[in-house]
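The values are calculated or read from the model by the stated rules, or taken from the named source; none is laboratory data. As the structure is a prediction and not an experimental result, all values here were calculated from the model. Virtual Cβ from ideal backbone geometry, glycine too; neighbours counted across all protein chains shown.
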Amino acid sequence: MKVLITAGPTYERIDPVRFIGNYSSGKMGLALAAECVRRGMEVSLVLGPVSIDHEVLHNPNVKLTRVESAAEMFDATVAQFAGCNAALLCAAVADFTPVACADKKIKREGDELVIRLKPTQDIAAHLGSMKTERQVLAGFALETNDENLNAHKKLEKKNFDFIVLNSLNDEGAGFRYDTNKITIIDRKEQTTFPLLSKQECAVNIIDHLCHLLKTC
């Protein structure tokens, strides 16, 4: 069983020393990779820039691809998805990237700086269009409002088999925490779990993946 997992943030460069990013630590994605390895799966892990050194990164059953930008993550995931039974898209990928990256550090001049942005390539939608009947594709939704409605819309739009929802309105959930409060939503039902460690959340998520794959 081969599982593709994306984890961590992406950095979109403005100039050689600055970037647009987010607060993702990669902890949830690394917990998922560790749980897959524990169950005997092979993992292709596409990892954005993170500062933690998890033991799973050194496991021989993990093929690690480090990336920085959304474009690099797109290329890596698209190249590897066809050879996998499932993909868990846990990374916090930038939706926009600067139209141009300055080749030198931008100096402070004037009262404001305007940065033009363009959409990044949609990894989830592209993999959803590639997915075969034998593959399972799961995504993650971090929401701040209309959480359930937005998660269901994303489930359909991206052609996911299930989606993992968590809200920034739940204390102890989201970026940087060691805990998370998730709801697993598929096309038949949804299950909400209490606040758990990210390792415990990973067990529940991989249980659901295995149920859909009818294995492990």
- Task: Within the range 73-90, identify whether any single residue is surrounded by fewer than 21 Cβ atoms within 10 Å (Cβ to Cβ), within 18 Å of residue 137 (Cα to Cα), touching a strand residue (DSSP E or B) at 6+ places or on another chain (Cβ under 9 Å) and among the polar types (S, T, N, Q), and answer yes or no.
- Result: yes
- Query: Which pairs have Cβ atoms under 7 Å, sit 6 or more apart or on different chains, and link a residue in the range 188-216 that is without any contact (Cβ under 8 Å) to a residue 24 or more places away in the chain to one that is part of a loop (DSSP other than H, G, I, E, B) and of a type in the set (Phe, Trp, Tyr)?
  - Reply: 204/193
- Message: Residues that are farther than 20 Å from residue 78 by Cβ and β-branched (Val, Ile, Thr): does the range 1-10 have at least one?
- Response: no
- Item | Candidate set: the range 59-102, residues that are aliphatic (A, V, I, L, M) and part of a loop (DSSP other than H, G, I, E, B); chosen: the one farthest from residue 130 (Cα to Cα) | 102
- Residues satisfying the stated conditions in the range 107-152, i.e. modelled with pLDDT of 95 or more, part of a helix (DSSP H, G or I) and surrounded by fewer than 17 Cβ atoms within 10 Å (Cβ to Cβ): 125, 126, 129, 130
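Condition check ((1) of a type in the set (Lys, Arg); (2) over 24 Å from residue 165 (Cα atoms); (3) modelled with pLDDT of 95 or more; (4) crowded, with 16+ Cβ neighbours inside 10 Å) across all residues:
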{"residue": "9", "(1), (2), (3), (4)": "no, no, yes, yes"}
{"residue": "14", "(1), (2), (3), (4)": "no, yes, yes, yes"}
{"residue": "25", "(1), (2), (3), (4)": "no, no, no, yes"}
{"residue": "33", "(1), (2), (3), (4)": "no, no, yes, yes"}
{"residue": "46", "(1), (2), (3), (4)": "no, no, yes, yes"}
{"residue": "51", "(1), (2), (3), (4)": "no, yes, no, no"}
{"residue": "68", "(1), (2), (3), (4)": "no, yes, yes, yes"}
- Message: I'd like the full set of residues that are part of a loop (DSSP other than H, G, I, E, B), in contact (Cβ under 8 Å) with a residue 24 or more places away in the chain and in contact with a strand residue (DSSP E or B) (Cβ under 8 Å, 6 or more places away or on another chain), limited to the range 170-183.
- Response: 174, 175, 178
- Query: Which of (1) under 18 Å from the mean Cα position of the chain (by Cα); (2) part of a helix (DSSP H, G or I) is the odd one out, the single condition residue 211 does not satisfy?
  - Reply: (1)
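Quick check on residue 95: is it under 13 Å from the mean Cα position of the chain (by Cα), farther than 21 Å from residue 36 by Cβ and acidic (Asp, Glu)? Reasoning before the result, please.
On the way: under 13 Å from the mean Cα position of the chain (by Cα): yes; farther than 21 Å from residue 36 by Cβ: yes; acidic (Asp, Glu): yes.
In short, yes.
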- Taking only the range 184-200 into account, find how many residues are under 20 Å from residue 31 (Cβ atoms) and not in a helix (DSSP H, G or I). 9
- Which one is surrounded by the fewest Cβ atoms within 10 Å (Cβ to Cβ), of the residues in the range 185-216 that are more than 15 Å from residue 39 (Cα to Cα) and touching an Asp or Glu at 6+ places or on another chain (Cβ under 9 Å)? 187
- Of the residues 203, 164, which is part of a strand (DSSP E or B), at pLDDT 95 or above and within 27 Å of residue 78 (Cα to Cα)? 164
- Inside the range 22-58, can you point out the residues that are of a type in the set (Gly, Ala, Ser), in contact (Cβ under 8 Å) with a residue 40 or more places away in the chain, in a loop (DSSP other than H, G, I, E, B) and farther than 19 Å from residue 200 by Cβ? 24, 40, 48
- Task: Could you please give the count of residues in the range 167-184 that are surrounded by fewer than 14 Cβ atoms within 10 Å (Cβ to Cβ) and either touching a helix residue (DSSP H, G or I) at 6+ places or on another chain (Cβ under 7 Å) or of a type in the set (A, V, I, L, M, F, W, C) (or both)?
- Result: 2
